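Engineer: Below is the structure I would like to discuss, written out as structure tokens.
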Amino acid sequence: MSRPVLEKLAPWLATLVLLLLWQLAVMVFHIESFVLPTPLEAIYQIYVNRYALMVHGLATLGTTLAGFAIAVVFGLLLGILVGSFRLAYVSLYPILIGFNSVPKAALVPILVIWFGVGTIPAVLAAFLLSFFPVLVNVATGFATIEPELLDVLRVLGATRRDMIVKIGIPRSLPYFFASLKIAITLSFVGSVIAEIIAGNNGIGNVMLIASSNFNVPLVFAALLVVGIMGVSMYALFAFLETRFTSWSVRGQGLDYATGG
């Protein structure tokens, strides 16, 4: 089997091995399904409740992408500001770090008081969990521009805007696309947490109702659905990263360096 084919099959084989170990552990230790269902039971619940999971999954996907989109715009703009201006960095970075240290689940009840139960708290929770990685990575991309390059641009008469548009943004693209892969997974975490606490639809609401009925296989089915959506969105942004920043990708690790 050739190496490229093996690399394409490796994630699927690893997932299959994990599911088999999960199935064997439940069978060998005789764990009841209301404690830990088998993967087959969870998959069966996906089939039985496919329509409900599809409707609620799309609702979660919608709120997640809405919060993620706001986080990308906000994180990109603030990252450019923080990374380009020393005063903005000194002034805002401690505040941003302090805010990011606050558990976002603790903010959901406050969001419910302000905006009521429903979609808005889920969108805001997705935003609050995902904007910081975008901000930090974009700011890092701008802050690590070589001083010699900036000096050359100043000698050539470049303005601050020219440096940001022609050097800063292209220089930060690898950081930006790397942050998107992190941010989209955190967006799912935020939206599902908000749906569990204060949602009237979505996968989190399905998990809440299923757990209250001790339908643990359905809870795990909902978790699998969220995982599948998260992996799919991660793969999409990984593809976009390769497509738009292929010039910055280098071989990593001894395996690539030695060709082994």
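Engineer: Quick one: pull the percent of accessible area on region 194-234 belonging to carbon and sulfur, 1.4 Å probe, ligands and nucleic acids left out.
Structural biologist: Looking at region 194-234 in its full context, I get 73 percent from C and S.
Engineer: Projecting each Cα onto the charge dipole of the chain (Lys/Arg +1, Asp/Glu -1 at the beta carbon, about the Cα centre), which of Val5, Val231, Val155 comes out farthest on the positive side?
Structural biologist: Most positive-ward Cα: Val155.
Engineer: Right, here's the next one. Using DSSP to define loop residues, name the chymotrypsin sites (Phe, Trp or Tyr not before Pro) in region 4-40 whose beta-carbon has at most 11 other beta-carbon atoms within 10 Å.
Structural biologist: Listed in order of number, the matching sites are Phe29, Phe34.
Engineer: So, with a 1.4 angstrom probe, what is the percent of accessible area on region 49-120 that is carbon and sulfur?
Structural biologist: Carbon plus sulfur share of accessible area: 79 percent.
Engineer: Along the charge dipole of the chain, which of Phe115, Ala42, Phe220 sits closest to the positive end, that is, farthest toward it, with unit charges on the beta carbon of Lys, Arg, Asp and Glu (+1, +1, -1, -1)?
Structural biologist: Phe115
Engineer: Can you tell me the length gained on complete extension of the stretch Tyr47 to Phe99, counting 0.36 nm per residue apart and subtracting the Cα distance?
Structural biologist: 14.6 nm
Engineer: Related question: Taking the solvent-accessible surface of protein heavy atoms with a 1.4 Å probe, what is the per residue accessible area of the chain in Å²?
Structural biologist: Using a 1.4 Å probe on heavy atoms only, each residue of the chain averages 58 Å².
Engineer: Do any chymotrypsin sites (Phe, Trp or Tyr not before Pro) in region 39-114 lie in a DSSP loop with no more than 14 other beta carbon atoms within 10 Å, and if so, which?
Structural biologist: Loop-located and lightly packed - Phe85.
Engineer: Ignoring everything except DSSP H segments at least 4 long, calculate the 222 nm mean residue ellipticity for the chain; use -39,500 (n - 2.57) per segment, divide by total residues, nearest 500.
Structural biologist: Counting only the DSSP helices, I get -26500 deg cm²/dmol.
Engineer: Continuing with the same structure: So for the pair Ser246, Leu58, with labels modelled 7 Å out along Cα→Cβ, what separation do we get in nm?
Structural biologist: 3.4
Engineer: Work out, in µm²/s and without decimals, the Stokes-Einstein translational diffusion coefficient of the chain at 10 °C, 1.306 mPa s, Rh from Kirkwood over C-alpha pairs.
Structural biologist: 76
Engineer: With charges set only on the Cβ (+1 for Lys and Arg, -1 for Asp and Glu), what does the dipole of the chain come to about its Cα centre, in debye to the nearest 20?
Structural biologist: My answer is approximately 560 debye.
Engineer: Could you name the aspartates and glutamates whose alpha carbon sits less than 17 Å from that of Lys104, not counting residues in the same chain fewer than 8 places away?
Structural biologist: Glu195
The values are calculated or read from the model by the stated rules, or taken from the named source; none is laboratory data. What you see is a predicted model, and the numbers here were worked out from it, not measured in a lab. Positions of Cβ are backbone-derived with ideal geometry, glycine not excepted, and every protein chain shown enters the neighbour counts. Ligands, DNA and RNA are excluded from the accessible area calculation, which covers all protein heavy atoms including side chains. Shrake-Rupley method; radii C 1.70, N 1.55, O 1.52, S 1.80 Å.
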